[in-house]
Amino acid sequence: MIMMIMECSLLGKNYQPCSLNIGKEVANKKFHSLNFRATTHLSLEVGFGKQGSLANSASAKLVWPSPNDEIQFWERDFPSWNVTPQVPGNIQNDSDLMHIIHVTPEMAPIAKVGGLGDVVTGLARACLSRGHTVYIMLPFYECIQKQHINDLALLITFNAYHDGNWGQSVYGGAYNELEAYLFFNRASLEWMQVTGTQPDIIHVHEWQTGALPLLYWDMYHNLSLKKPRIVLTIHNMEHYGECRIEQLSKSGVDGSIYATEDKAIDERTIGHNPERLSLLKGGIVYSNAVVTVSPTYLNETLCSGWLSSTLIRNRDKYFGVLNGIDTAMWNPATDAFLPAKFHAQKPEGKSSCKYYVQRGLGLVSTDTLAGPHVSDITDRVPLVVCISRLVAQKGLHLITSAIKHVEELGGQMVVLGKASDGRLEREFEGLANLHNQGPSIRILLMYSEELSHMLYAAADMVLVPSIYEPCGLAQMIGMRYGAVPIVRKTGGLADTVFDMDDQSNHEISNGFVFEGIDEGSLNWALDRAFAYYREKADEWNSIVERVMEIDNSWNNSAGKYIEIYQSVRVRL
Ligand code: ADP
């Protein structure tokens, strides 16, 4: 897999784990030229430092952490983790191979905010393992840590157009996220043109790349790019890329021709001055196929939201394909961040992971800390985790209610979340101050890939109480790590979690589901999960084993994407 990072990194998404450095100087410096850099293989070293201080699972010499450690347990050095794809023996090459280029704002693990980054990496690798050629084009954000990318090399330097200029100082130092993404769209196509690269499929993602289909059909297709067809995946319809007509014009097309209802106008702004465009809507109209990330979310988006009329008009090219998870990156049997490895046939390591996290977060009382043996609390007290961006969509009032109810039930809960704005951050800081010194709740307001892996491994239950959820990966990752999901019935959560007490679905039941958005509905699900855990230990153990064996890999879903690619590709 070739990864191309375009050096135009004034983009402002808060990628982690690195801090951002966006400002005039950076923008000026970075935009003087456009450099594409490529690796010949995607062989990312995930992890920080050399073979390290975190003991191997097999060894009994685990260094048990404590909250008083100078370096917190998730910040220690980890063994390097080579996630170069291992092609599973049972996956055969497809017979009709294609060249696919993803143009994307995120890619895990180097530029990940949420599920989009995971999806791009997972889908790309699944297609690669079936023999297809896959490139990924990504902006070279300031925060990308070059040292974690093997074989990074400059491939080509070229100019791309923006706002009357080719290349030099395109932004005049002004930082504007929308224009930066417009520029990224145009420059990605420009690269294909100057290098004569004509993939079968250009796969774009979210509003950030919604202008690419317009630029392709109305400009580059009239130049030399004849072969590519465009597939757009919408990971979340909440963000639709509001864009003024003159901003789109800076890409070199006449923005005003898109200001109609059948093209890209945001109809909610009709009659306003100025009227505005939606890059996501334009992307829907101009792509050959549009995919969203679960069948249930597809139905939801056809029924509500202002884009539903556009989606209905384009229904014959609109598909719902459930995301998968990358089972090489998310594998408790090999995960470099885990203090003990485990899998469904050998689950013992899971309780070591739980004890490790409990010790590290101060969730076991000091009198049980005498030895290395898993404490009584580890076996007796259910641990619920919630790993999420802290935004309204994720059901924040339900997360808060869960904290209270888990405590009432005598369980433990860890929330790992990054707030999207200052008000929410302060609200959750208040909760953290209230609870973090106590014996059962920890609220950790940050992004940590390492800690997220450890928490999934430690958890008995993973809570995803979203108000809406296009697909959701946390429940799937949680299951692979033996955490039983408790979810609200919406979007992809409804497609992947089936209630234990629903007799009609008994053979596929794998968690606890509630429908309401009120505290009572959530509590009911938590009560039932706790009752199973405490009163039906054998049944609980068999659910844990069952969820670990569920195949939520990309194997199935990649096949569906490939069918969609094949249905729109042309042979020239
Ligand atoms: P979304 O894409 O809406 O954020 P998903 O459930 O599809 O939701 O994907 C979320 C991904 O981001 C998962 O891999 C989850 O583990 C990860 N994640 C979310 N918040 C954090 C955090 N604070 N620290 C580490 N990983 C996080």
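Just so you know, all these numbers are worked out from the coordinates, no wet-lab data involved. Everything numeric in this text was worked out from a predicted model, so none of it was measured. Positions of Cβ are generated from backbone atoms using ideal geometry, with glycine treated the same way; all protein chains shown enter the neighbour counts.
Please report the spacing between the Cα centers of the stretch 178-240 and the stretch 505-569 in Å, no decimals.
Centre-to-centre (Cα) distance: 35 Å.
So for the pair GLU70, ILE257, with labels modelled 7 Å out along Cα→Cβ, what separation do we get in nm?
So the label points at GLU70 and ILE257 sit 6.5 nm apart.
So the label point goes 7 Å from the Cα of SER309 along Cα→C-beta, right? Which residues of the stretch 256-279 then have their backbone N under 13 Å from it?
Once the point is set 7 Å along Cα→Cβ of SER309, 260-271 turn out to lie under 13 Å by backbone N, inside the stretch 256-279.
To the nearest 10 degrees, how steeply does helix 349-360 sit against the main Cα axis of the chain, on a 0 to 90 scale?
With both axes taken from Cα atoms, the answer is about 90 degrees.
Hey, could you grab the Kirkwood Rh for the chain? Inverse mean 1/r over distinct alpha carbon pairs, Å, one decimal.
24.7
Just name one of GLN437, GLN412, ASN523: the one whose Cα is farthest towards the positive end of the charge dipole of the stretch 348-550 (beta-carbon charges, Lys/Arg +1, Asp/Glu -1).
Farthest towards the positive end: GLN437.
Can you tell me, using C-alpha contacts under 8 Å and at least 6 residues apart, the relative contact order of the chain as a whole percent?
Contact order relative to length: 14 percent.
For the stretch 445-454, in order, what is each residue's ³J(HN,Hα) by Karplus, 6.51 cos²θ - 1.76 cosθ + 1.60 with θ = phi - 60°, in whole Hz (x at glycine and Pro)?
Each residue's phi maps through the Karplus curve to give 9, 6, 10, 8, 4, 4, 5, 4, 4, 5 Hz.
In nm, to one decimal, how far is the modelled label at ASP518 from the one at ASN165, with both set 7 Å along Cα→Cβ?
The modelled label-to-label distance comes out at 5.8 nm.
Based on the Kirkwood radius over alpha-carbon pairs, what is the Stokes-Einstein translational diffusion coefficient of the stretch 348-550 at 20 °C with 1.002 mPa s viscosity, in µm²/s?
128
Given Cα pairs under 8 Å that are at least 6 residues apart, what percent is the relative contact order of the stretch 348-550?
Result for the stretch 348-550 is 19 percent.
Can you tell me how much longer the chain between SER420 and LEU97 gets when fully stretched, taken as 0.36 nm per residue apart minus their C-alpha distance, in nm with one decimal?
Residue separation times 0.36 nm, minus the Cα-Cα distance, leaves 112.2 nm.
For the chain, what is the percent of antiparallel DSSP beta bridges, rounded to the nearest 5?
Here the share of antiparallel DSSP bridges comes out near 30 percent.
What order, most packed first, do the peptides 216-227, 99-110 have when packing is the mean number of other Cβ atoms within 10 Å of each residue?
Going from most to least packed, we get 99-110, 216-227.
Tell me, what is the FRET efficiency for GLU563 and HIS221 to the nearest 0.05, using R0 = 25 angstrom and their Cβ-Cβ distance as r?
0.55
Give the relative contact order (percent, whole number) for the stretch 205-305; include only Cα pairs under 8 Å separated by 6+ residues.
38
What does the helix-only formula give at 222 nm for the chain: each DSSP H stretch with n ≥ 4 adding -39500 (n - 2.57), the total divided by the residues, and the result rounded to the nearest 500 deg cm²/dmol?
Counting only the DSSP helices, I get -10000 deg cm²/dmol.
What's the angle, to the nearest 10 degrees (0 to 90), between helix 396-408's Cα axis and the longest principal axis of the chain?
10
When the chain is fully extended, how far beyond the present Cα-Cα distance does ILE156 get from ASP502, taking 0.36 nm per residue of separation?
Here the segment from ILE156 to ASP502 would lengthen by 118.8 nm.
What net charge do the residues around MET500 carry, taking every other residue with its C-beta under 9 Å from that of MET500, with Lys and Arg at +1 and Asp and Glu at -1?
Summing Lys and Arg as +1 and Asp and Glu as -1 gives -3.
Report, to the nearest 10°, how far helix 422-435 tilts away from the longest principal axis of the Cα atoms in the chain, using its own Cα long axis and a range of 0 to 90°.
Computed tilt is about 10 degrees.
If I model a spin label at ARG244 and ALA344 as a point 7 Å from the Cα along the Cα→Cβ vector, what separation in nanometres do I get?
Here the modelled spin labels are 5.6 nm apart.
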